[in-house]
Amino acid sequence: MSTPSLRASALERFLRYVTYDTQSDPASPTVPSTARQLVLLDVLVDELRALGIADAVRDDRGIVTATIPATSRKANVPVVGFVAHVDTSPELTGAGVKPIVHHYAGGDIVLPDDPSAVLRPSEIPDLAGKVGEDIVTASGTTLLGADDKSGVAVAMAVAEHLVRHPEIPHGAVRLAFTPDEEIGMGVHHFDVKRFGAYCAYTLDGDALARMNAETFSADAVTVAFTGFNTHPGLATGTMVNSIKVAADFISRLPKDRLGPETTADREGFVHPNDVVATVERTEVKFIVRDFRTAGLAEKAKFLEELAKQTCAAWPGSSAAIEVREQYRNMREVLDRFPQVVENAREAIRRAGLEPVEVPIRGGTDGSILSAMGLPTPNLFTGQHNFHSRLEWVSAQDMERSAEVVLELVRVWEERTPA
């Protein structure tokens with residue numbers, strides 16, 4: 001049997017995978033949050049087994065794992081893992097995706113199902129450099145699902161290539177495909193010990209040659225204001241409307257700093273993203289982000305003090321603050337495992353690229369996995385404009401991503417003493 005090229009394998013798989021509706025649901029109490037994710041996860045198990053990877057399995061939490069056996073004569077090559085998620089964002093429908101391959105000759109790309117959806121190189125600098133490449137988009141009314149089915153397709157193309165080419169020396173390679181990444185729940189049930197890898201890499205990045213070894217640290221903060229409710233016809237001098245107190249509190253937030261709309265690079269922020277309100281009790285919910293984990297406590301303290309000042313202006317009101325940890329900057333773990341990042345740099349160079357290292361103003365499954373004891377930076381797959389009707393990916397970038405993964409397993413094998 002002939003082996004398809006990495007590009008052909010990744011592209012063919014990607015075009016199939018995006019047609020599966022795999023949206024996750026933040027309001028769902030189930031794990032995974034939607035049953036439709038399991039359909040694609042089960043397809044992946046079947047495809048892995050068809051490649052001869054006998055231990056491919058999906059657990060009851062929806063996590064698929066599989067092992068590509070070692071081919072190296074060295075007995076001590078570290079086990080390396082690669083992780084990608086199948087779910088797509090709840091922000092835009094992933095049902096009825098119709099992928100289109102454009103052999104890009106330059107200029108605007110107008111999506112046929114909604115001509116107002118236009119990819120313009122004047123607005124998307126990365127697209128301007130893709131003349132001559134095969135650009136995949138959706139048709140204009142859905143997202144594409146390149147986040148992260150491009151990563152899934154790359155991992156599967158690599159698995160196929162390694163199985164078909166046992167002459168490539170490498171240690172054992174572990175694969176994992178997860179649900180619910182988009183709602184921050186994908187790897188909370190991940191069994192790191194059972195996975196058995198020394199380190200892993202999420203395949204969930206954007207532009208060519210990018211690697212992410214640093215993310216925000218993140219907390220969720222709720223500031224709850226309590227007032228006093230009574231019949232409005234009898235409220236004179238007694239009612240304390242917590243909605244008004246909360247509105248005053250929100251209006252006191254700085255307008256020129258500390259918000260996601262006024263910060264950049266390594267600046268953190270506090271971001272009110274939900275309000276649950278009654279006269280008696282109003283909760284203002286925040287996401288709090290900082291590249292320094294210590295900065296989270298500083299920002300929570302700022303919100304607490306601001307709430308106290310607000311309540312002082314509204315006699316009879318009170319406030320309480322609750323802080324819940326979400327994830328931590330993977331850099332705090334990766335700094336203790338420098339080889340994990342350095343080997344990725346070397347693999348990117350061997351694939352003919354120069355590594356571009358940028359911090360993520362967000363988190364990845366790798367943030368959580370790193371905190372769980374599995375050092376996990378993030379590698380590019382070529383996805384762009386994710387969570388949007390204008391989402392796109394280059395088939396050539398997926399191919400280069402697969403080449404980097406193949407070089408990476410070689411680097412780990414070569415740098416392991418015999």
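The values are calculated or read from the model by the stated rules, or taken from the named source; none is laboratory data. Small disclaimer: the values here were computed from a predicted structure and weren't measured. Neighbour counts run over all protein chains shown; Cβ positions are idealised from the backbone, glycine included. Ligands, DNA and RNA are excluded from the accessible area calculation, which covers all protein heavy atoms including side chains. Shrake-Rupley method; radii C 1.70, N 1.55, O 1.52, S 1.80 Å.
Some points to look at:
- Residue list for the stretch 311-328, filter: within 18 Å of Ser251 (Cβ to Cβ), assigned to a loop (DSSP other than H, G, I, E, B) and out of contact with any Gly (no Cβ under 6 Å at 6 or more places or on another chain): Ala313, Trp314
- Criterion violated by Leu379 - all others in (1) in a helix (DSSP H, G or I); (2) touching a helix residue (DSSP H, G or I) at 6+ places or on another chain (Cβ under 7 Å) satisfied: (1)
- Only one entry of Asp148, Asp204 meets the criterion of being in contact with a strand residue (DSSP E or B) (Cβ under 7 Å, 6 or more places away or on another chain), part of a strand (DSSP E or B) and crowded, with 17+ Cβ neighbours inside 10 Å, and that entry is Asp204.
- For Ser251, the stated conditions hold: it is open to solvent by 20 Å² or more (accessible area, probe 1.4 Å) and either of a type in the set (Phe, Trp, Tyr) or farther than 30 Å from Gly352 by Cα (or both).
- Any chance Leu175 is of a type outside the set (Ser, Thr, Tyr) and not in a helix (DSSP H, G or I): yes
- Asp206 satisfies every condition listed in (1) more than 30 Å from Val405 (Cα to Cα); (2) touching a His at 6+ places or on another chain (Cβ under 7 Å); (3) of a type in the set (Asp, Glu) except (1).
- Filter pass, Arg349 being touching a residue at least 12 places away in the same chain (Cβ under 8 Å) and under 22 Å from Val80 (Cβ atoms): no
- Hits in the stretch 112-132 - residues which are open to solvent by 40 Å² or more (accessible area, probe 1.4 Å) and touching an Asp or Glu at 6+ places or on another chain (Cβ under 9 Å): Arg120, Ser122, Asp126
- Some residue of the stretch 210-225 being closer than 25 Å to Ala320 by Cα and out of contact with any strand residue (DSSP E or B) (no Cβ under 8 Å at 6 or more places or on another chain): no
- The stretch 35-52, subset within 17 Å of Ser9 (Cα to Cα) and of a type outside the set (A, V, I, L, M), residue surrounded by the most Cβ atoms within 10 Å (Cβ to Cβ): Glu47
- Criterion violated by Val223 - all others in (1) under 24 Å from Arg289 (Cβ atoms); (2) in contact (Cβ under 8 Å) with a residue 12 or more places away in the chain; (3) open to solvent by 30 Å² or more (accessible area, probe 1.4 Å); (4) of a type outside the set (Asp, Glu) satisfied: (3)
- Enumeration of residues in the stretch 73-89 that are loosely packed, with under 15 Cβ neighbours inside 10 Å and either outside any loop (DSSP other than H, G, I, E, B) or among the charged types (D, E, K, R) (or both): Arg73, Lys74
- Residue in the stretch 309-324 that is open to solvent by 60 Å² or more (accessible area, probe 1.4 Å) and without any contact (Cβ under 8 Å) to a residue 40 or more places away in the chain present: yes
A quick yes/no check of all residues on (1) acidic (Asp, Glu); (2) open to solvent by 10 Å² or more (accessible area, probe 1.4 Å); (3) under 25 Å from Pro179 (Cβ atoms):
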{"site": "Phe337", "(1), (2), (3)": "no, yes, no"}
{"site": "Asn343", "(1), (2), (3)": "no, no, no"}
{"site": "Ile348", "(1), (2), (3)": "no, no, no"}
{"site": "Pro359", "(1), (2), (3)": "no, yes, no"}
{"site": "Pro375", "(1), (2), (3)": "no, no, yes"}
{"site": "Ser394", "(1), (2), (3)": "no, no, no"}
{"site": "Glu407", "(1), (2), (3)": "yes, yes, no"}
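- Considering (1) open to solvent by 40 Å² or more (accessible area, probe 1.4 Å); (2) within 29 Å of Leu379 (Cα to Cα); (3) at pLDDT 95 or above, the lone condition that Gly295 does not fulfil carries the number (1).
- Qualifying residue in the stretch 172-193 (condition: without any contact (Cβ under 8 Å) to a residue 24 or more places away in the chain and open to solvent by less than 50 Å² (accessible area, probe 1.4 Å)): no
- The listed residue being aliphatic (A, V, I, L, M) and open to solvent by 30 Å² or more (accessible area, probe 1.4 Å), out of Ala56, Ala66, Ala105, Ala10: Ala105
- Meets criteria (outside any loop (DSSP other than H, G, I, E, B), under 26 Å from the mean Cα position of the chain (by Cα) and aliphatic (A, V, I, L, M)) for Leu92: no
- Number of the condition not met by Val284 [criteria: (1) surrounded by fewer than 16 Cβ atoms within 10 Å (Cβ to Cβ); (2) touching a Phe, Trp or Tyr at 6+ places or on another chain (Cβ under 9 Å); (3) within 17 Å of Cys311 (Cβ to Cβ)]: (1)
- Residue in the stretch 347-359 that is of a type in the set (Gly, Ala, Ser) and more than 21 Å from Leu334 (Cα to Cα) present: yes
- Among residues of the stretch 178-201, those that are under 13 Å from the mean Cα position of the chain (by Cα) and either hydrophobic (A, V, I, L, M, F, W, C) or assigned to a helix (DSSP H, G or I) (or both), counted: 5
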